[in-house]
Structure formats: C-alpha cells, structure tokens
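Before any comments, here is the structure.
The values are calculated or read from the model by the stated rules, or taken from the named source; none is laboratory data. All values derive from a computational prediction rather than experimental measurement. Here Cβ is always computed from backbone atoms with ideal geometry, including for glycine, and neighbour counts include all displayed protein chains.
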Amino acid sequence: MPNKQNAKKALRQSIKHAGWNRTRREAFRGAIKKALKAVSKEEAQKLVHDAQKALGKAAKRGVIKKNTAARKLSRLMKKVNAMAK
C-alpha cells in the first residue's frame, strides 16, 4: 500500500481507470461477437455499426490504439461481407 498522499490518489485513479477500460474493452469485444454471430448479412451490417462505434470510443480513450481499432474493424467487415445473403 502506498504511504504518501499523492501515491494513494494515483492508486485510486488507476483502479477507477482500469474499471472504465475493462468496460470499454468488453463493449467492443461483445459488439464484434454479436456481429459475427448474426444470422443474416443485413442484421450483421447493422451490428457492425455498433461495433464500429465501440471500437472508435475505445481508440479515442486510449484503451486500444487507433490502428488496432482500424485493423479489427477491417477484419470484421471482411468477414461480414463474405457472409451469404
């Protein structure tokens, strides 16, 4: 445990930030999984929009890097476009 006041505050902040980051990470991972499990191509394309939004927010907040978000979205779009109608 930290002894100094500023170290205690830093610990509190890191715990809080880790919680937010976990929530954002779960959000984009869940959105990607939903899009991949969609039954029809039309439904998947609607769910891709949610995944794109979640990936963008995670990248904006620094949970993942911008290029990582772009790569994940690109691979998701590739799989969705390959789906049969």
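Cβ-Cβ distance below 6 Å, separation of 6 or more or different chains: which pairs start in region 53-71 with a residue that is among the basic types (Lys, Arg) and end on one that is part of a helix (DSSP H, G or I) and surrounded by 20 or more Cβ atoms within 10 Å (Cβ to Cβ)?
The qualifying pairs are Lys66/Ala59.
Does region 1-33 hold any residues that are more than 23 Å from the chain's Cα centre (by Cα) and polar (S, T, N, Q), and which are they?
Asn3, Gln5, Asn6 - these are the residues of region 1-33 that are more than 23 Å from the chain's Cα centre (by Cα) and polar (S, T, N, Q).
If only one of Gly62, Gly30, Gly19 is on the phi > 0 side of the Ramachandran plot and of a type outside the set (Asp, Glu), which one is it?
When all the criteria are applied, what remains is Gly62.
Considering every residue within region 64-85, establish whether at least one is among the β-branched types (Val, Ile, Thr), modelled with pLDDT of 95 or more, in a helix (DSSP H, G or I) and surrounded by fewer than 11 Cβ atoms within 10 Å (Cβ to Cβ). Please lay out each step first, then the result.
Start the filter on region 64-85 by keeping residues that are among the β-branched types (Val, Ile, Thr), which leaves 64, 68, 80.
Retained after the next criterion (residues that are modelled with pLDDT of 95 or more): 64, 68.
Now restrict to residues that are in a helix (DSSP H, G or I): 68.
Then drop every residue that is not surrounded by fewer than 11 Cβ atoms within 10 Å (Cβ to Cβ), which leaves none.
Looking for residues that are among the β-branched types (Val, Ile, Thr), modelled with pLDDT of 95 or more, in a helix (DSSP H, G or I) and surrounded by fewer than 11 Cβ atoms within 10 Å (Cβ to Cβ), one finds none in region 64-85, hence no.
Within region 31-51, identify whether any single residue is loosely packed, with under 13 Cβ neighbours inside 10 Å, of a type in the set (A, V, I, L, M, F, W, C), in contact (Cβ under 8 Å) with a residue 40 or more places away in the chain and part of a helix (DSSP H, G or I), and answer yes or no.
No: region 31-51 contains no residue that is loosely packed, with under 13 Cβ neighbours inside 10 Å, of a type in the set (A, V, I, L, M, F, W, C), in contact (Cβ under 8 Å) with a residue 40 or more places away in the chain and part of a helix (DSSP H, G or I).
Any idea which of Asn21, Asn3 is out of contact with any Phe, Trp or Tyr (no Cβ under 7 Å at 6 or more places or on another chain) and part of a loop (DSSP other than H, G, I, E, B)?
Asn3
Cβ-Cβ distance below 7 Å, separation of 6 or more or different chains: which pairs start in region 9-23 with a residue that is within 17 Å of Leu55 (Cα to Cα) and end on one that is surrounded by 10 or more Cβ atoms within 10 Å (Cβ to Cβ) and aromatic (Phe, Trp, Tyr)?
Pairs that qualify, where the first residue is within 17 Å of Leu55 (Cα to Cα) and the partner is surrounded by 10 or more Cβ atoms within 10 Å (Cβ to Cβ) and aromatic (Phe, Trp, Tyr): there are none.
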